[in-house]
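Colleague: Input: one structure, supplied below.
Every read-out reported here was derived from the displayed coordinates using simple, explicitly stated rules and does not represent laboratory data. Remember, it's a predicted structure, so these values are computed and weren't measured experimentally. Cβ atoms come from the backbone with ideal geometry, glycine included; neighbour counts cover every protein chain shown.
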Amino acid sequence: MKKALLTPLVVACCAAPLSHAADQDIDSNAHNWSGSAELGVVSTSGNTDTKNLNGAINLTQETVQWRTDYSLSSLYSSSDSDTTAERYTGSVQANYKFDTQQFWYVRGAYERDRFSGYRSKGSTSTGYGNRFWQHADGSFLEASFGVGYRDFAIAEDSIDGKSDRGNFVRFAGTYENHFTPTSLFRQELNSEISTSGGNTVNESISSLQANIIDNLAMKLSYKIKYTSDVPSDTDTTDTETTASVLYSF
């Protein structure tokens, strides 16, 4: 079962190096890496002892024909020695560029969330995308549409509910605006709609980033995620507000 759940990320990770190897025949100097690492920590003591930790690493490799995004993130929270949140996620998306705007993508994603009611969530998808415009400062607007397969495995201690396995349709959009040389706003929207009577999952992530000095910045983000059908004692809507320090490279 674990091998099956990891398949989406394995497929996407294998596809990315092969695509870049092919690009080397075109132009060996056309590889450009960029990325960021962020960390947020909150700790309180007194009447209530709480600890909150969130982190993320995002990498992008741009070549003549491909653009590949890698993402890892984690969230941990505790209150009075009791763990209240624990989540680990990873995704890889390889985009084959037809031209400066249009592309075809292959994406794999995996998540383990201790308090979601599911033991793990894995998905793979493919489809068409279009970067409608992109400015020299890095601002852009992008949307994509595709189909995929997912495996949401129910937690072993769940008293009801069932695993969600089947096909889905995926819509996604990203808007990024560098409104000054040292600050940017980013909005991400993702929707996965089951075609076999399973879950509909909608997610929105809004973030604001402002440079402190050189490559160091403060980042504020707000995330809301809706899952239409969840196990009992699990909310359909999760919200998350984070403040973190981000280093870009």
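Colleague: Under a plain spin-label model, where a point goes 7 Å from the Cα along Cα-to-Cβ, how far apart in nm are residue 104 and residue 249?
Modeller: 3.4
Colleague: Arrange 41, 169 by Cβ neighbour counts within 10 Å, fewest through most, would you?
Modeller: Listing 41, 169 from fewest to most nearby Cβ atoms yields 41, 169.
Colleague: Fewest first, what order do 135, 178 take by the number of other Cβ atoms within 10 Å?
Modeller: 135, 178
Colleague: Please compute the Kirkwood hydrodynamic radius of the range 71-188 from all pairs of different C-alpha atoms, in Å with one decimal.
Modeller: 16.7 Å is the Kirkwood radius here.
Colleague: Quick one: order 43, 120, 36 by neighbouring beta-carbon count within 10 Å, fewest to most.
Modeller: Starting with the residue having the fewest Cβ neighbours, the order is 43, 36, 120.
Colleague: Which value, in debye to the nearest 20, gives the size of the charge dipole of the range 159-216 about its Cα centre, when Lys and Arg are +1 and Asp and Glu are -1 at the Cβ?
Modeller: My answer is approximately 160 debye.
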